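Here's the structure we're looking at; comments come further down.
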């Protein structure tokens, strides 16, 4: 994957010895921040879920990226425009914040319009901050991280990131049959554990949606649509996990959660962004998704 090297977009390398980071520095303030995301990116999806679920869109503006990630990385087009700077590519946002930036131009990005820099590009930190520090601005109040569950939620989020979200990529990008089968077995063991947990709970922590649900949902919603085929996570269909499947469908029925999902966009992103796995960049028409068809008109 291309990378910025001291402010220069490099397509001939994919790793640097040293990379820059923008520390998460956010002061809750109306109209101060601009949120960059893509419907395709599961990491940006976390923060986008919090943004929509709490109803923070009226105080934080946003721009979505086009689904096609090609040689210039995340890109804007005539439909998905940068409403702040009219940039053509996401990496321009990074070099605007630091002209000699070295590292990946990744999503999500929260831009601080007052200081003219990136306030956060860490998906976990950003989602947590929005969930805990912006309640005064929320149009739909919800305690996504309660004090009594704070540590448990953070621990669960870390586990979900490493054992579900990233595990899918370890399966799909494995470079040997042995590694593929090993990671696949681990992934499905973890899905089984979640299915058992949800046999006794409506959500991950009882009957109330928490931030952890917004760390799991992005992977589940992509599982049948993309991962089963492109990343070969097809040992079992997601529907084989009765409780996990019920949980995903129920969350998807929520209007503000559903507003963060665009399956055609997501499929196009994945099948365009992985030339090693899909060199033709053909996007499959299927699969037909019962949960998606059943939601129409509701």
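The values are calculated or read from the model by the stated rules, or taken from the named source; none is laboratory data. Remember, predicted model here, so these are calculated numbers, not experimental data. Glycine gets a Cβ as well: all are built from the backbone with ideal geometry, and neighbour counts include every protein chain shown.
Data for the structure
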| quantity | calculated |
| --- | --- |
| Strands (runs of 3 or more DSSP E) contained in region 5-77 and holding at least 2 residues surrounded by 15 or more Cβ atoms within 10 Å (Cβ to Cβ) | 33-37, 60-64 |
| Matching residues, region 62-80, being without any contact (Cβ under 8 Å) to a residue 60 or more places away in the chain and closer than 18 Å to residue 45 by Cβ | 62, 63, 64, 65, 66, 74, 80 |
| All positions within region 98-131 that are loosely packed, with under 15 Cβ neighbours inside 10 Å and not in a loop (DSSP other than H, G, I, E, B) | 117 |
| Members of region 191-211 that are assigned to a loop (DSSP other than H, G, I, E, B) and without any contact (Cβ under 8 Å) to a residue 24 or more places away in the chain | 200, 201, 207 |
| Evaluation of residue 251 against (1) surrounded by fewer than 19 Cβ atoms within 10 Å (Cβ to Cβ); (2) under 23 Å from residue 123 (Cβ atoms); (3) within 19 Å of the chain's Cα centre (by Cα) (one fails), failing number | (1) |
| Qualifying position, being over 21 Å from residue 6 (Cα atoms), at pLDDT 95 or above and surrounded by fewer than 23 Cβ atoms within 10 Å (Cβ to Cβ), among 92, 148 | 148 |
| Options 188, 214, 269, 223; residue that is assigned to a helix (DSSP H, G or I) and farther than 23 Å from residue 48 by Cβ | 188 |
| Residues that are without any contact (Cβ under 8 Å) to a residue 40 or more places away in the chain, surrounded by fewer than 17 Cβ atoms within 10 Å (Cβ to Cβ) and under 22 Å from residue 42 (Cα atoms), drawn from region 164-184 | 166 |
| Any hit, region 98-107, residues being closer than 21 Å to residue 261 by Cβ and in contact with a strand residue (DSSP E or B) (Cβ under 8 Å, 6 or more places away or on another chain) | yes |
